[in-house]
């Protein structure tokens with residue numbers, strides 16, 4: 001069976017991400033932020049800040065040391081604050097600063113334009129279906145990672 005690379009989901013996701021990353025860099029550069037840093041901030045905004053550093057790492061599928069380095073950079077920029085968990089000297093909770101909350105809306109509004117551009121010409125039902133399918137793809141990818149890719 002011949003597999004057509006043009007029909008590869010991985011290729012399509014890669015191309016969309018590559019082009020979207022270029023757009024995101026233009027939006028984020030004036031704020032001194034990277035796309036990766038924005039994912040950390042976004043997770044704190046949407047999932048509730050005050051979660052532990054370890055929980056944040058898990059939600060972003062990164063190891064604890066990667067999360068610690070990223071949070072250190074965000075802390076230096078005055079966007080997050082880490083506080084020790086009472087009774088657990090090795091754990092920290094992560095809180096957004098007022099500065100991060102002020103920056104969040106204008107950044108997201110600008111980035112949402114890319115989202116809207118990608119979805120132009122789709123019906124509301126198609127967007128709902130696509131979103132649901134992408135969420136299932138994300139869950140399957142996460143499950144594969146959890147299994148150690150023993151498919």
Gained length - residue 129 relative to residue 97, 0.36 nm times residue gap less alpha-carbon distance: 8.0 nm
Contour minus Cα-Cα distance for residue 115 and residue 59 (0.36 nm per residue): 18.0 nm
Pairwise FRET efficiency - residue 69 versus residue 105, Cβ, R0 = 30 Å, nearest 0.05: 0.70
Label point at residue 39 placed 7 Å out along Cα→Cβ; residues across region 110-147 whose backbone nitrogen lies under 16 Å: 135, 137-146
Burial order of peptide ranges 68-77, 135-144 (average beta-carbon count within 10 Å, highest first): 68-77, 135-144
Ellipticity estimate at 222 nm from DSSP helix runs (n ≥ 4, -39,500 (n - 2.57)) divided over the chain, nearest 500: -21500 deg cm²/dmol
Whether the chain is rounded, prolate or oblate, judged on the alpha carbon gyration tensor where a/c under 1.5 counts as rounded: oblate
Value of relative contact order over region 5-118, rounded to a whole percent, pairs C-alpha under 8 Å and six or more apart: 23
Whole-Å distance, taken between Cα centres, linking region 121-140 and region 3-17: 17
Estimated FRET transfer efficiency (residue 138, residue 88; beta-carbon r; R0 35 Å; 0.05): 0.70
Between 0 and 90°, nearest 10: helix 9-28 axis offset from the chain longest Cα axis: 50
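Each reported figure results from applying straightforward, stated rules to the coordinates on display, with no laboratory input. Computed from a predicted model, the values in this text were never measured in an experiment. Virtual Cβ from ideal backbone geometry, glycine too; neighbours counted across all protein chains shown.
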